[in-house]
1. Residue by residue, what Karplus-based ³J(HN,Hα) values in Hz, rounded to whole numbers, does region 20-31 have, using 6.51, -1.76 and 1.60 with θ = phi - 60° and x for Gly and Pro?
2. Spelling out what I want: for every residue of region 194-202, take phi, set θ = phi - 60°, compute 6.51 cos²θ - 1.76 cosθ + 1.60 (Karplus), and round to whole Hz; glycine and proline get x.
3. Please state the charge dipole magnitude for the chain, taken about the Cα centre, from unit charges on C-beta atoms (+1 on K and R, -1 on D and E), reported in debye and rounded to the nearest 20.
4. According to the square roots a ≥ b ≥ c of the eigenvalues of the Cα gyration tensor, what is the shape class of region 66-198, taking rounded for a/c under 1.5, prolate for a/b larger than b/c otherwise, and oblate for the remainder?
5. Provide the FRET efficiency to the nearest 0.05 for the Arg92-Arg306 pair, computing r from the beta carbons and using R0 = 56 Å.
6. Nearest 20 debye, what's the magnitude of the dipole of region 400-478 about its Cα centre given +1 on Lys and Arg Cβ and -1 on Asp and Glu Cβ?
7. Please compute, for the alpha-carbon atoms of region 400-478, the extent along each of the three principal axes and give them in descending order in Å.
8. What list do you get for Lys349, Lys255, Lys225, Lys557 if you sort them by fewest beta carbons within 10 Å?
Amino acid sequence: MNCTALQTQAVDAALQRHSGERHALVQILREVQVHTHWLPRPVLHRIAQGVGLTPAIVEGVAGFYRFFHLQPVGRVHLLASDNVTDRMQGSRELAAELCERLGIVPGQVAADGSVSLGFTSCTGLCDQGPALLVNQHQVVTRLDASRVAALADLIRAGVPPARWPAEWQGVDPNIRRSGPLLGAEPMTGQALRAASARGADATLAELAASGLRGRGGAGFDTARKWQLCRVAPLNEGGTRVVVCNADEGEPGTFKDRVLLAEHADTVIEGMTVAARLLGARAGFVYLRGEYRFMLEHLQAVLARRRAAGLLGAGILGMPGFDFDIAIHLGAGAYVCGEESALIESLEGKRGQPRIRPPFPVESGYLGQPTVVNNVETFAAAAHIALHGGAWWATLGVPGSTGSKLHSVSGDVARPGVYEWPFGVTVAEILAEAGATDVQAVQVGGPSGLCLAAHEFGRRIAFDDVPTAGAFMVFGAGRDMFEVARGFAQFFAHESCGFCTPCRVGTELVRRRFDKLAAGYGSIFDEAELRALESLLHGSTHCGLGASATNPLRDTLKRFRPAYESRLGSPRFVPAFDLDAELEPARRVTGRDDARAHLERQG
């Protein structure tokens, strides 16, 4: 079977744009699918031929990412956000209503090929959900019953998404509290000039004096990371690389989305400061696939900065200061938030974490020394380059200097982004967000820490409650078992599959939760869950797998009554129904009596 004329044209155009480079494979697949809607094997084979890879490798890459479709989808393909906080706002019920109006079921395509609907883990729009992704390009926010009805009418009438009401696709910044990052004007060269005047060594010393630690969750010392990359040996003709990790995939986190929308110039300036210190010529913004709607905005920022002499050759008129940035769009893989998996994806591969050492600062993108930092980290670095390390160090608390952005969602009156100095208590954030009668807060997303009410006096700091930025609030009426179950489903869905403990363990945890939810729980299930929790914490390939059972551990410890009602049986209750599994075989042999499989036939 050969490609159609449209498919051939789409493939050849994408190959030409990227010069048939293998490391551009993920971008080529994405750009082709925009035109073909899905990726049939003839298309994959033509792409494989164009980039010089085997069809098996190309299909393996395409099959890894959730946003690539190896089976047909509708011309309008909808993905409903299935994060726990979206479920709290009725996302599943609204998705069911939309499916009923469209005459489809989730995961199947309408008979005329017009529409399909599925679910995605989180859209990064928790402050204005429930939300839909449309063809992994546009968004529909603040979904409600009236919007569902109108949306179904437009789809049935064949109105293309580009002509849907503009207010449906509005994404508000929802900045509720500003500090040094969110309250400042976007930078247009000020930090670059300050760093250039000060010199690379002195600027790196200011960064060290600031105490800035990575804002993506790991909290690694930023100056040390940059210095390690700076002294790493270069291959002949190579360059150091600066990568901005904007793959904000932790459910409940959306503060990087706001920074990129409102302060992209400052983020890019921070990357360019890093390039000046490191002598890097190449940079990337790895933008999560759910943020495709921001691509044109970010490309415009880059173009404007090139025109102003702030990117490209001879930045600020300085010969040899050559640095430019490309945007790499992700394709739906939570694990690509891990820096080595992100680099694998940048290179056009499956986004699976690398074995380390070597670390990316020694051998990263295409084997070159590479710095990978979070969006917020680069924004902070730009301000430090301008104002100095002592200024930043006066904010926050010892060991956790500066400010931190929090994505607040869930049972609060004022969801949005809040900037506080490190050292703020959980209770202070709750009060400002208008949260009352709260029983739990999930800080740092599912891989973070779940706190009960008696712990709300604890401080947000690396030595107390560290966070990547999510702050999910659960009121007294929420079932914390169901919250933990939702997170277990997320981790099972998002495992990259590289290592057996994570691939199998997360699925076993999910099934055990489902068994308890179905009413088949016993005291033996708790022992199994605890054993799985211990196994995953000590044997997975990367930190993402190791944190997969954090919600289970924390909710068992702090909200045990939510489990006790589901662990009532003193005897083991099997979840597997052998008789039901053998029922198809009985039908084939013409038997319909329940115990037919137990009888020996003469």
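Derivation of every value follows stated rules applied to the coordinates shown; laboratory data play no part. This structure is a prediction, so every number in the text was calculated from the model and none was measured. Methodologically, a virtual Cβ is constructed for each residue, glycine included, from the backbone with ideal geometry; neighbour enumeration extends over all protein chains shown.
1. x, 6, 4, 6, 9, 4, 4, 5, 5, 4, 5, 5
2. Result, rounded to whole Hz: 5, 5, 5, 5, 6, x, 5, 5, 5.
3. Values: 60 positive and 63 negative charges, 146 e Å.
I would put it at about 700 debye.
4. prolate
5. My answer for the efficiency is 0.80.
6. Details: 5 positive and 8 negative charges, 22 e Å.
Dipole of region 400-478, to the nearest 20 debye: 100 debye.
7. 35, 21, 21
8. Lys557, Lys349, Lys225, Lys255
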